Amino acid sequence: MKGEPNPIHPEHLAEFFDDDCPLCQAMHQEVEAAVEAEEEHGWNWFYDDGGCPLIAQYDPEGWDERWAEEGAEFERWQAERETQSSAAPAYEPPPIESAEVPPEEFLARARQPWLDPALHQAARGLAARMDCPESTLFGPRYRRLTYDEALSVAVGLHAQGVDVKALLAQIEAFPYQNVALDWLSQPEENAAMMIHAIEQVIAADDKEEITRFRHHRDFILSLAQVVHPGARLWLQGWLDAVAHGAFAHAVGLDPEE
């Protein structure tokens, strides 16, 4: 009911990989390595085939009513924000420092006592709900953000003028499982993929799945109202750096190359 993931027990993970498929076995080895390192392996079971909360299947009317209430609440919040923005001076992004700061130094600065406690709270929320895309030898995949990464994202978005507290509230109100970080950086592309699935991939009589994808489309577009284009550009650069580092590590290269 809460929409929280349910990790598959390590003893049963082997049942999900085909013994005759080299790619499956390579993925299985990757998962086993994560288990041995006491990390989240990322394989979960869901309450239903769509991976959405139980209420969506057994109380569709209540589910639609809840979504309508969330939409109305967001519209009220957006109207208030537009009123405040019209009365406030135009946003000017902070100057960009010419010198690059190493990731270790950036995180050290972020942990200093003067950092707004709300950003630490936001980082904990982002780490609990957001997935980060990364490249592997077997193609792209998503994994949960670490706390350090979430803190880096929260601090960076705040520096770009994003209302991180409002963003977190919107993410926590999303009633499905996880939120992909690239939904924030590339909302138009991801919304287009949802529309393509609705129009050309999902069976026309599968009303439940079509509704789920419409909710995802609307949610992605609502994120675009909170994260302005300049912040999206910064976030995409952050994601590119993480993806490059993960792929370089996977193939044994120096991330600086």
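The values are calculated or read from the model by the stated rules, or taken from the named source; none is laboratory data. Please read these numbers as outputs of a predicted model, since none were measured by experiment. Quick reminder, even Gly has a Cβ in these numbers, built from the backbone with ideal geometry, and neighbours come from all protein chains shown.
Structural remarks
- The set of residues from the range 209-231 being among the hydrophobic types (A, V, I, L, M, F, W, C), within 15 Å of residue 186 (Cβ to Cβ) and either in a helix (DSSP H, G or I) or without any contact (Cβ under 8 Å) to a residue 60 or more places away in the chain (or both) comprises 219, 220, 221, 223, 224, 226, 231.
- Residue in the range 128-141 that is modelled with pLDDT of 90 or more, of a type outside the set (Val, Ile, Thr) and not in a helix (DSSP H, G or I) present: yes
- Residue in the range 35-57 that is modelled with pLDDT of 75 or more and part of a helix (DSSP H, G or I) present: yes
- The range 165-209, residues that are touching a strand residue (DSSP E or B) at 6+ places or on another chain (Cβ under 7 Å) and acidic (Asp, Glu): 182
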